[in-house]
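The values are calculated or read from the model by the stated rules, or taken from the named source; none is laboratory data. In this text, all values refer to a predicted model and were calculated from it rather than measured experimentally. Here the Cβ positions follow ideal geometry from the backbone for every residue, glycine too, while neighbour counts run over all protein chains shown. The area values use the complete protein model at the heavy-atom level, side chains included, leaving out ligands, DNA and RNA. Shrake-Rupley method; radii C 1.70, N 1.55, O 1.52, S 1.80 Å.
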Amino acid sequence: MADLDLTSLRLFVSVCETGNIARAGERENIVGSAISKRLAQLEHQLGTPLFVRKRHGVAPTAAGQTLLE
């Protein structure tokens with residue numbers, strides 16, 4: 001597996017904890033679109049979806065939960 005970007009992993013954890021990309025952005029002082037792009041890159045790098053996008057937030061998939069642990 002390629003090296004994972006620590007900033008992207010920190011943002012991933014923040015999104016998991018808040019359940020919302022916009023709230024994670026406020027918490028981390030970064031716009032939500034930048035977080036979304038980093039998460040998409042992380043998902044591409046790992047080859048699996050890490051979140052289920054819902055109408056009012058996100059929830060980690062089984063793979064996302066494993067990565068979080």
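Numerical summary
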item	result
Within the accessible area of the chain (1.4 Å probe), percent carbon and sulfur	52
The chain: DSSP helices with Cα axial extent of at least 15 Å and average Kyte-Doolittle hydropathy no lower than 0.0	6-18
Which of Glu43, Glu17, Glu69, Glu28 is most accessible, then next, and so on - probe 1.4 Å	Glu69, Glu17, Glu28, Glu43
Average accessible surface area per residue within the chain, 1.4 Å rolling probe, Å²	64
Solvent exposure, largest accessible area first (probe 1.4 Å, DNA, RNA and ligands not counted), of Ser33, Ser8	Ser33, Ser8
Lys54-Asp3 pseudo-label distance in nm [points 7 Å out on the Cα-to-Cβ vector]	3.6
